[in-house]
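Asks: Once you've had a glance at the structure underneath, I'll fire off some questions.
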Amino acid sequence: MTAAELERARVTPGGVVASEWLKLVTVRSTFWTTAVALLLAALVALMVGAFADPPDAGAGTRLALTAASVTLGLDALVLGVLGVLSIGGEYATLQIRSSFTAVPARWPVLVGKAFVVAAWSFVAGLVVTFGGFGIVAGLLAAKGVPIGLDGPTAGSLLGGAAYLAIVGAFGVGLGSLLRASAAGITVLAAILLVLPSILTIAGGLTRTEWLSDAARSVLSSAGQVLFAAPGTAESPLWAAVVALAVWLAAVWVPAVLVTRARDA
Amino acid sequence: MIEATGLTKRYGAKTAVAGIDFTVRPGVVTGFLGPNGAGKSTTMRMIVGLDAPTAGSVTVHGRRYADLAAPLREVGALLEARAAHRGRSARNHLRVLAATNGVPRRRVDEVIELAGLTQVADKRVGGFSLGMGQRLGIAAALLGDPATLLLDEPVNGLDPDGVRWVRTFVRELAAEGRTVLLSSHLMSEMSQTADHLIVLGRGRILADAPIADLMARGGSRVTVASPRAADLAPLVRARGGTVTGQADGRFETTGLPAADIGEIAAAAGISLHELTTVGSSLEEVYMAMTADDVEYRSGTAETGRVPA
């Protein structure tokens, strides 16, 4: 027996993160959701690269950036769903009781999960943005329009990956709060896809300033600021970062509080 | 060692556990017995901190479960068959749990073998039978080689081989000095496994005693057979015995020892063909105790037989 090693057993932050990482990579949904996001991005980049015919390198760079980030809205939905499923699936299968028995403080399980989902989403985001940019650049170079990756453009690509990480963590918080995959996915889709349109339309129709401001502060609009082409963002970066932090706090504070209080 | 004081759980107006006090000691198998809905599972969930008590407290080795530095090391719990993600393999499920508490990887392989899961360790849990799910739950409970084990209905769904395995296994664990709390709604299961019984009914403790004491509490019956049973029965009644099931020259009686009945028959010149003392079974004691506390009584069957 491994008695001596067992004596050293403790709940540690590293152990909880390792456990959450294992959970993430030992279920199939992780891979098919991520595959959907990557395929979508590759397809768009291939099409743009194949059919576009930019007049010069500057236009080519802008085009490649657009192609690399145009799928981020849908990718965010896909990785947000991954976040919701990662915790909703635990409640659906009662795995959550095993998890909370092993880590009775409970919140480290949620935070560890958000951490690994965010990291996974960030890496997926890097592949989507830099990979997409690379595909377009390669195809354009073959047509005799060589484009380069300048600092501000790289910043936008990085911002796109960061946005996916934030939505992944947001999905984990939402799933923890609602404790159900179906409800979590519905609310996530409503926030990402429906809410901005409603606010924009309502703001436009009523010519109400604050509704238009609110439209710029919803999760997906604030996220767009992170990956907008240099000089084209709708709001300043700091305002977007504040808005994203408020969105995260809005699900995470109640999620941690109710998870502690409720019977599992 | 598990100690509960004034442990209470209410769900709205319904009281699941009504302020119970008990101690589960190391070195013996303690049976947690009661009909469905008696509060056994709720109590076990409170022990491991899944449900918060409405009032009172319960500690493991003197500490609240939530304060344990390595909970899996101290308490192993099988509370629900298959509290595991359906899409994960048995081995990965155990690795996930082991990682949280820093339990070495090698221990996962050990408990897989211990629980007889070697053949199916890399299959997805979703395809497991109830019995395999139970074995997985037991393997998970053993991960940290804990000093205390909580097993809620562990033999549920196991084949006869598995049932025997669990019985032998929990007895061995107790013999090693561990604290073992085992729940069941089946008296027959308890009489084969437990040394000490805590009987629950509607959230209250009906009995907390060694199993031998509970057997003795039921008293005994005497079976009498005689060609003149019809003449003997009134004489027995006259001496304070209770006569039941009188038919075909035989009856059962309680309240008088066999010797007294023999003397009564001899004095009246009645020959006896049989005079047998029958100890009441644990099952009967249990039925009598919980007759008033069965929450979901079947419509037609008479569930409680109260010894007179």
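Asks: If you check A:ASP213 against the conditions, is it farther than 25 Å from A:PRO55 by Cβ and charged (D, E, K, R)?
Replies: The answer is yes for A:ASP213.
Asks: Give me the pairs: first residue in region B:68-81 and more than 7 Å from chain A (Cβ to nearest Cβ) and in contact (Cβ under 8 Å) with a residue 24 or more places away in the chain, second residue assigned to a loop (DSSP other than H, G, I, E, B) and surrounded by 24 or more Cβ atoms within 10 Å (Cβ to Cβ), beta-carbon distance under 6 Å, and six or more apart or on different chains, which are they?
Replies: That search, which allows pairs on different chains as well, returns B:LEU78/B:PRO154.
Asks: Still on this structure, I have one more. Scanning region A:26-59 for residues that are hydrophobic (A, V, I, L, M, F, W, C), under 17 Å from the mean Cα position of the chain (by Cα) and within 13 Å of chain B (Cβ to nearest Cβ), which turns out nearest to B:VAL75 (Cα to Cα)?
Replies: Here the residue is A:PHE31.
Asks: Run down A:ARG260, A:ARG216 and say which single residue is in a helix (DSSP H, G or I), basic (Lys, Arg) and within 14 Å of another protein chain (Cβ to nearest Cβ).
Replies: Only one candidate passes the filter, namely A:ARG260.
Asks: Would you mind telling me which numbered condition in (1) surrounded by fewer than 20 Cβ atoms within 10 Å (Cβ to Cβ); (2) within 14 Å of chain B (Cβ to nearest Cβ) A:VAL16 fails?
Replies: Result: A:VAL16 fails condition (1) only.
Asks: Shifting gears a bit: It is to be established whether one or more residues within region A:15-27 are hydroxyl-bearing (Ser, Thr, Tyr), out of contact with any helix residue (DSSP H, G or I) (no Cβ under 7 Å at 6 or more places or on another chain) and part of a helix (DSSP H, G or I).
Replies: Checked against the condition, which is being hydroxyl-bearing (Ser, Thr, Tyr), out of contact with any helix residue (DSSP H, G or I) (no Cβ under 7 Å at 6 or more places or on another chain) and part of a helix (DSSP H, G or I), region A:15-27 yields no hits at all.
Asks: Taking region B:43-59, which residues are within 11 Å of another protein chain (Cβ to nearest Cβ) and over 19 Å from B:ALA207 (Cβ atoms)?
Replies: B:ARG45, B:MET46, B:ILE47, B:VAL48, B:GLY49, B:LEU50, B:ASP51, B:ALA52, B:PRO53, B:THR54
Asks: Are any residues in region B:25-47 under 19 Å from B:ALA174 (Cβ atoms) and either of a type outside the set (Ser, Thr, Tyr) or touching a Cys at 6+ places or on another chain (Cβ under 7 Å) (or both), and if so, which ones?
Replies: B:ARG25, B:PRO26, B:GLY27, B:VAL28, B:VAL29, B:GLY31, B:PHE32, B:LEU33, B:LYS40, B:MET44, B:ILE47
Asks: For A:ILE147, which of the numbered conditions (1) assigned to a helix (DSSP H, G or I); (2) buried (at least 22 other Cβ atoms within 10 Å of the Cβ) fails to hold?
Replies: (1)
Asks: Regarding region B:185-195, can at least one residue be identified that is assigned to a strand (DSSP E or B), at pLDDT 90 or above and not β-branched (Val, Ile, Thr)?
Replies: No, region B:185-195 contains no residue that is assigned to a strand (DSSP E or B), at pLDDT 90 or above and not β-branched (Val, Ile, Thr).
Asks: Could you give every pair whose Cβ atoms fall below 8 Å, whose first residue belongs to region B:85-114 and is not assigned by TED's automatic domain parsing to the domain that holds B:LEU68 and part of a helix (DSSP H, G or I), and whose second residue is hydroxyl-bearing (Ser, Thr, Tyr) and buried (at least 24 other Cβ atoms within 10 Å of the Cβ), counting only separations of at least 6 or pairs across chains?
Replies: Pairs that qualify, where the first residue is not assigned by TED's automatic domain parsing to the domain that holds B:LEU68 and part of a helix (DSSP H, G or I) and the partner is hydroxyl-bearing (Ser, Thr, Tyr) and buried (at least 24 other Cβ atoms within 10 Å of the Cβ): there are none.
Asks: Continuing with this model, one more query. Identify the single condition in (1) over 20 Å from B:GLU113 (Cα atoms); (2) crowded, with 22+ Cβ neighbours inside 10 Å; (3) under 24 Å from the mean Cα position of the chain (by Cα) that B:PRO71 does not satisfy, given that it satisfies every other one.
Replies: It fails just one condition, (3).
Asks: Identify, please: which residue in region A:85-95 is surrounded by 23 or more Cβ atoms within 10 Å (Cβ to Cβ) and facing chain B (nearest Cβ under 8 Å) and is, among those, farthest from B:ALA69 (Cα to Cα)?
Replies: A:GLU90
The values are calculated or read from the model by the stated rules, or taken from the named source; none is laboratory data. Source: prediction; values computed, not measured. Neighbour counts are summed over all protein chains in view; Cβ atoms, including those assigned to glycine, are modelled from backbone coordinates with ideal geometry.
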